[in-house]
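Report on one structure; see the data block that follows.
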Amino acid sequence: MPVTVVDHPLVRHKLGLLRENSISTKNFRELANEIGRLLTYEATKSLPTEKKMIHGWAGPVEVDQIVGKKITVVPILRAGLGMMDGVIDMIPGVKVSVVGMYRNEETLEPVRYYVKLAKKIHKRHAMILDPMLATGGTLIATINLLKEAGCRRIMGLFLVCAPEGLARLEKEHPDVAIYTAAIDERLNEHGYILPGLGDAGDKIFG
Ligand code: PRP
């Protein structure tokens with residue numbers, strides 16, 4: 001399973017600011033979107049382009065254009081919304097597919113409560129957004145429903161991943177590419193990532 005840690009100084013710096021426990025809601029939101037932008041830059045690196053002739057200031061000129069507009073972003077409610085504006089800044093034409101899922105804090109199993117996918121999603125490349133991959137249950141359930149809808153090309157963008165969740169994903173969906181700002185140490189006994197970010201959903205939404 002391809003896992004890319006986007007180890008850019010800007011990303012590392014911004015992630016460090018995000019880990020500060022007393023961070024304000026405003027700063028958390030801004031930084032999550034800024035890192036979302038930088039992860040998108042990396043994750044779209046291999047999008048195919050084609051040549052096109054246009055009228056430049058000095059006559060015809062050949063330019064590159066991305067082939068088609070076939071991406072859907074899939075923010076996982078709630079916290080995934082906290083990265084979405086940054087991603088859309090970079091690829092403004094994307095369609096949005098919304099998946100509502102929360103983790104039962106006792107069983108740590110994902111509970112699905114809302115799904116609204118973009119039309120013809122089976123023709124699109126899905127870019128899942130969530131600040132955290134902890135046990136991996138939420139991501140795996142989201143990939144399952146996207147694959148059931150016919151989606152074949154799927155990637156996930158995260159601020160922080162736990163090794164435990166990545167190992168589980170490798171077993172269940174080795175075809176899904178992951179882009180993350182960091183792979184942290186481990187999960188604690190409550191399924192929280194250490195050192196992690198705390199509860200990103202609460203930090204963004206209250
Ligand atoms: C968090 C996080 C992921 C999930 C990760 O969401 O944003 O969606 O937990 O955990 P997992 O990998 O163990 O499944 P949360 O349940 O806190 O919901 P929220 O975004 O609505 O706050």
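The values are calculated or read from the model by the stated rules, or taken from the named source; none is laboratory data. Bear in mind the structure is a predicted one, so any value in this text is a computation, not a measurement. Cβ atoms come from the backbone with ideal geometry, glycine included; neighbour counts cover every protein chain shown. Protein only, heavy atoms only, side chains kept; ligands, DNA and RNA dropped before computing areas. Shrake-Rupley method; radii C 1.70, N 1.55, O 1.52, S 1.80 Å.
Decide, for the stretch 1-114, between rounded, prolate and oblate: order the square roots of the alpha carbon gyration tensor eigenvalues as a ≥ b ≥ c, take rounded if a/c falls under 1.5, and otherwise choose prolate if a/b is larger than b/c, else oblate. Prolate, because a/c is 1.5 or more and a/b exceeds b/c. Non-local lysine pairs in the stretch 76-206, meaning eight or more places apart or on different chains, with alpha-carbon distances under 15 Å, amount to 8. Result for the chain in a Gaussian network model with C-alpha springs under 10 Å: among G16, G137, G36, the largest mean-square fluctuation is at G16. Taking only protein heavy atoms and a 1.4 Å probe, the accessible area of the chain is 54% carbon and sulfur. Prolate is the label for the chain, because the ratio a/c of its alpha-carbon gyration tensor axes (a ≥ b ≥ c) is 1.5 or higher and a/b is greater than b/c. A 1.4 Å probe run over the chain, with the rest of the protein chains in place, finds 53 Å² accessible per residue. Between N188 and W57, how high is the FRET efficiency from 1/(1 + (r/R0)^6) when r is the Cβ-Cβ distance and R₀ = 45 Å? Nearest 0.05. With R0 = 45 Å, the Cβ-Cβ based efficiency is 0.15.
In a fully extended conformation the segment linking D202 and D64 would gain 45.5 nm over its present Cα-Cα distance, using 0.36 nm per residue.
If one takes the longest principal axis of the Cα atoms in the chain, at what angle in degrees, from 0 to 90 and to the nearest 10, does the Cα axis of helix 81-90 lie? Rounded to the nearest ten degrees, it is 20. Along the axis of the charge dipole computed for the chain (Cβ charges of +1 for Lys and Arg, -1 for Asp and Glu, origin at the Cα centre), the listed residues A149, A58, I71 are led at the positive end by A58. Positive end of the charge dipole of the chain (Lys, Arg +1 and Asp, Glu -1 on Cβ, about the Cα centre): tell me which of A118, G100, V11 has its Cα farthest that way. The residue sitting most towards the positive pole is A118. Note on R186: accessible area is roughly 110 Å² with a 1.4 Å probe, heavy atoms of protein only.
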